[in-house]
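Encoded as structure tokens, the structure appears first; notes follow it.
Throughout, read-outs are computed from the coordinates displayed, never taken from laboratory work. Since the structure is predicted, the reported quantities are computational estimates derived from the model, not experimental observations. Every residue, glycine among them, receives a Cβ derived from its backbone with ideal geometry; neighbour counts consider all protein chains shown.
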Amino acid sequence: MATPRTMRAVQYDKYGGGAEGLKHVEVPVPSPKKGEVLLKMEAASINPIDWKIQKGMLRPFLPGKFPFTPVGDLAGEVVELGSGVTNFKPGDKVISISFPSGGGLAEYAVAPASLTVARPTELSAVEGACLPAAGGSALQLLKLAGVSFDGTSGATGPKNALVTAASGGVGHYAVQLAKLAGLHVTATCGARNVDFVRGLGADEVLDYRTPEGAALRSPSGRRYDAVANCAAGVPWPALKAVLADEGGTVADVTPGVGAALTSILQKATFAKKRLAPLMLAPRREEMEWLVGLARQGKLRTTVDSRFPLSRAQEAWAKSMEGHATGKIVVEMGGAE
Ligand SMILES: NC(=O)c1ccc[n+]([C@@H]2O[C@H](COP(=O)([O-])OP(=O)(O)OC[C@H]3O[C@@H](n4cnc5c(N)ncnc54)[C@H](OP(=O)(O)O)[C@@H]3O)[C@@H](O)[C@H]2O)c1
């Protein structure tokens, strides 16, 4: 079927406003530029960065301009190729990350071919859309904390991992990846998700609202040599206190003010206990690796909730509440 000239999309036209700031509009279908593919969207998953950009937390850099169609985690079918794209053809089912350009809350979106990978049939579009940012962040966090995935972690690298906010989008992948790397995993989450996180493979689970959980104290008395911190607001002294005496790294996907300076000072003084802030830098080969694990059933995606495009505001509000178990997805063509 020929690509239409216009499409339904969800946009915001100023900072702030939350879910109510999202408007349903009819706009031209974008054209893929050099190195881009045009996708007929199947699903998009919302990440906290999407509404943080709307809040103005990356002002004045993002979004690039208003009105802005948010969401960068995409799953869809290739319908057009920009110049220079040779590795895809119309009809290919793919997943992609389009950050910071966004564009995912729409019937069609352009994405960089360099960050687009084939979606195998074993992976649904909804599952595929969940992987790029959250799966990529989980993998990069663990690598930053010194974990390797070549089978050597248990022998030479970290042995005891802590994953905070293990019930969230990033955390639920991080627990599974840390187990695949052969680590003992202690994880934190709310009481209602303890069984869920245990089911992901965590060896010990702490309710973060209890004193032990708030102190991040392993029930078996372990101290950690690798921490994937996915929870906002956990202070560095609390994390430092539970690192092994021999040393360890807290890879932090929610770094607070001063984290970069702390990290630089620790490097300069050769500190054994390190804080390492992470800003996701998506990599195609990592996306392919994650898709491969998912295809083999070794990395599972938990979907908290799914909404049709017509109810994108509800998905947005749900993400802003911060209590998702797994990922929140908007489906194009999903049941209204
Ligand atoms: N720097 C980067 O490049 C980057 C990339 C990706 C994500 N991030 C950031 O990483 C954070 C996590 O992202 P996400 O997608 O995983 O978020 P999410 O899916 O919205 O996380 C929600 C989950 O976190 C749990 N949680 C919240 N605070 C917790 C705490 N103190 N201890 C334990 N569990 C807690 C919640 O449990 P309850 O419902 O029980 O409270 C909920 O299940 C966000 O702040 C996001 O912006 C940064």
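General remarks:
- Counting every other Cβ atom within 10 Å of each residue's Cβ, 51, 316 order from fewest to most as 51, 316.
- Put a dot 7 Å past the Cα of residue 148, heading toward its Cβ, do the same for residue 281, and the two dots end up 2.0 nm apart.
- For the range 100-208, GluC sites (Glu not before Pro) are listed when DSSP marks them as loop and at most 15 other Cβ atoms sit within 10 Å of their Cβ; the list is 122.
- Residues with amide H under 5 Å from that of residue 36, placed H, sequence gap 5 or more: 82, 83, 113
- Volume per residue of the C-alpha convex hull in the range 138-277, rounded to whole Å³: 94 Å³
- Simple Cβ-charge dipole of the range 138-277, Lys/Arg +1 and Asp/Glu -1, about Cα centre, in debye nearest 20: 200 debye
- Rel. contact order, % - alpha carbon contacts under 8 angstrom, at least six apart, the range 134-185: 45 percent
- Here the simple spin-label model places points 7 Å from the Cα toward Cβ, and for residue 265 and residue 209 these points are separated by 3.4 nm.
- Residue order, fewest to most surrounding Cβ atoms within 10 angstrom, among 66, 307: 66, 307
- Taking every DSSP beta bridge that has both ends in the chain, the antiparallel portion is near 55%.
- With at most 14 neighbouring Cβ atoms within 10 Å, loop trypsin sites (Lys or Arg not before Pro) (DSSP) excluded, longest segment of the chain: 66-208
- Translational D in µm²/s for the chain (Stokes-Einstein at 25 °C, 0.890 mPa s, Kirkwood Rh from C-alpha pairs): 121 µm²/s
- DSSP assigns beta bridges within the range 138-277; of those with both partners inside it, close to 0 percent run antiparallel.
- Percentage relative contact order, the chain, counting C-alpha pairs under 8 Å, at least six apart: 18 percent
- Sorted fewest first by neighbouring Cβ atoms within 10 angstrom, 150, 92, 195, 50 come out as 150, 195, 92, 50.
- Hits among aspartates and glutamates - C-alpha to C-alpha of residue 143 under 13 Å, sequence gap 8 or more where chains match: 225, 252, 286
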